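Report on the structure given below.
The values are calculated or read from the model by the stated rules, or taken from the named source; none is laboratory data. Note that the structure is a prediction, hence the values are computed from the model and not measured. Counting neighbours? That spans all protein chains shown, and the Cβs are built from the backbone with ideal geometry, glycine included. These accessible areas exclude ligands, DNA and RNA; they are computed on the full protein's heavy atoms, side chains included. Shrake-Rupley method; radii C 1.70, N 1.55, O 1.52, S 1.80 Å.
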Amino acid sequence: MHGKTLHLLILLSVSIFFLLTIVNVYGHGVGSEIFPPVDLYGKQVSLEVSSSPNNPDENDDQQISISLIDFNSKITLRDVTFLIKSSRGEQFLFEKEFQSHNGIMVFNFISENTDTIQVQEENKKDFFDSLLGLENRMINVKGPKLSEGGLYKFDIHILTADGYSKKLDVPLTFNAGISIAQTSKHKINHSVFGPQIINVVTYYDEIKNFHYDVESKEITFSMPFEWSVNNINQTSVVHEEIVIPKTFGDLLVSGFSMYVNGIKLSDDIVTIDDFFSDGRVVHFIISQKELWNIYKHNSNLNGMNFLIKPNSDDVQLSSVTENGQFRIITSWEPENLQSNSKTTIYFDVTDIFLKNRPIAVNYDFSITQNDKIIFKQSGVSSDSKEKHNTVEFTIPDDVTGIVHLNFLNLGDNDLAKTSIPIIINPISHENNGISIPKWIRTNASWWSDGQIDDSSFVKGIQYLIKEKIMNIPPTSQGTGTKTNEIPSWIKNNAKWWSNGQIDDETFVQGLQYLIQNKILRV
């Protein structure tokens with residue numbers, strides 16, 4: 001495949017111009033990087049750095065090309081000597097001199113478990129290249145995790161051009177960067193919503209130190225970034241996104257705010273994409289203007305420290321029908337849906353081709369769990385911007401967990417359908433002021449078996465009490481124990497309670513002990 005790719009590059013450069021199509025690749029936030037022209041022997045020349053897209057079916061390596069071109073004719077220069085220093089993120093890769101007859105260098109970044117970075121040059125010549133008098137130059141750079149994406153930096157010095165003997169008195173210097181999307185997965189054992197996975201997709205550099213705080217609902221992580229005038233001038237945007245499961249009730253909100261190094265950014269940088277039924281993608285497009293604002297507040301910075309948190313408690317989800325025509329926007333009251341209670345579902349049907357304008361169209365609606373229909377109705381949606389469509393129904397007492405809001409046959413089109421998952425919180429019985437959701441037994445069982453640690457269990461109980469999902473009798477806060485360790489008998493109680501061997505009241509007595517000894521603060 002690599003030979004075909006490079007052959008295409010050569011043919012385009014010899015004919016009229018050099019162009020490489022880019023998909024999901026950003027050079028400091030853009031698809032490719034083309035530098036402003038500079039003078040060379042009376043002609044205007046420029047450097048172009050681009051990356052070819054991966055082929056998911058062939059598990060390709062990352063391929064980045066560097067070419068020196070005549071800015072006016074768009075034809076690459078001949079007999080160019082490059083001195084290139086390269087790094088990926090904070091990892092130094094190589095510093096080496098290369099010669100290219102056609103002014104193009106192509107680097108393949110290949111993941112291999114090697115102790116050192118290996119740089120291997122390939123010189124290939126086929127029939128067409130022989131006719132054109134050109135050679136395919138391919139540089140393979142091998143090392144751990146090199147093809148996984150991230151920020152690839154190049155310090156490039158042009159030593160000769162239009163002839164190897166024409167050594168420049170002052171080399172042309174370019175500092176380039178191409179960033180390729182990199183995804184990291186982060187597992188959260190949430191006491192309320194169970195195991196969840198948040199994906200972070202970075203289009204700039206590798207992220208580190210990911211953390212989710214259950215109480216504040218804040219996501220934090222860090223990323224390398226050079227806070228210099230030159231780097232900010234070269235950076236059009238920094239693009240980050242988080243992918244949130246639609247089963248994660250904490251983050252099913254209508255808006256988010258982002259802080260970088262303690263500076264709140266404009267809410268305009270945030271876009272929420274709920275097109276996918278299994279997850280929502282939240283985009284953060286940090287413009288150069290925002291970067292300058294951060295820099296002005298504190299120029300002595302080290303990297304980027306991100307904080308992302310909900311800026312609204314309003315729950316709103318949306319999804320697009322399979323035929324791509326309609327967008328469904330939903331919300332509900334009360335926010336905390338519970339078994340054996342009344343609820344109202346609000347929804348709007350908009351037409352994507354009419355700039356998401358509400359539209360009157362017939363529909364079939366149903367609420368299902370495990371393919372069992374809990375509720376259904378049919379009707380015609382409203383085209384009013386002020387009046388929402390509503391569904392009122394009572395949630396059965398035996399329905400808990402994830403249910404799906406299904407919108408079908410919009411406009412009598414079988415493909416105009418979509419499904420949106422929401423969560424029903426179960427409530428058991430109340431006695432002596434005690435109310436405990438049944439699924440807390442699962443968390444108690446995980447804790448007693450060591451699948452979640454003491455801190456996670458305590459934080460989960462704090463969250464449940466704070467959000468009034470679980471009620472226990474009023475308990476006074478004590479002065480605390482010497483160690484603040486959880487006694488083994490409480491963990492035994494949790495195990496017995498999860499197995500139904502002791503009642504709710506006995507289990508709550510253990511929680512009251514934790515509150516009285518300031519192990520669990522409420």
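Things to note:
- Spacing of the modelled spin labels on Glu335 and Ser184, each 7 Å from Cα toward Cβ, amounts to 2.9 nm.
- Approximating the spin labels as points 7 Å out from Cα along Cα→Cβ, the Asp398-to-Glu95 distance works out to 7.3 nm.
- Rounded to the nearest 10 Å², the accessible area of Glu121 at probe 1.4 Å: 80 Å²
- Cβ-derived FRET efficiency at R0 22 Å, Lys85 paired with Val38, nearest 0.05: 0.70
- The gain in end-to-end length when the Asn492 to Asn302 segment is fully stretched comes to 63.7 nm, 0.36 nm per residue minus the alpha carbon separation.
- Computed FRET value (nearest 0.05) for Ser111 with Lys387, which takes r as the C-beta separation and R₀ as 56 Å: 0.50
- Label-reachable residues, the stretch 302-340, where backbone N falls under 17 Å from a point 7 Å from Ile263's Cα toward its Cβ: 302-308
- Computed over the stretch 142-210, the ratio Rg/Rh where both radii use C-alpha atoms and Rh is Kirkwood: 1.32
- Largest accessible area first, the residues Lys96, Lys289 order themselves as Lys289, Lys96 under a 1.4 Å probe with ligands, DNA and RNA left out.
- Ligands, DNA and RNA aside, Ile465 has an accessible area near 40 Å² when probed at 1.4 Å.
- Note on His283 and Gln501: with the Förster distance fixed at 45 Å, the Cβ-Cβ geometry gives a FRET efficiency of about 0.35.
- Mean separation of Cα contacts under 8 Å, 6 or more apart, over the residue count of the stretch 179-295: relative contact order %: 22 percent
- For the listed residue pairs Lys96/Lys185; Lys185/Lys459; Lys187/Lys459; Lys96/Lys142, the alpha carbons are over 24 angstrom apart in Lys96/Lys185.
- Annotation: per residue accessible area for the stretch 190-291 equals 35 Å², rounded to a whole number [probe 1.4 Å, protein chains only].
- Scaling the Cα radius of gyration of the stretch 154-296 by the globular reference 2.2 N^0.38 Å produces a ratio of 1.37.
- Per residue, the convex hull spanned by the alpha carbons of the stretch 221-315 comes to 96 Å³.
- Protein heavy-atom surface of the stretch 279-437, 1.4 angstrom probe: 44% of the accessible area is carbon and sulfur, with nucleic acids and ligands not counted.
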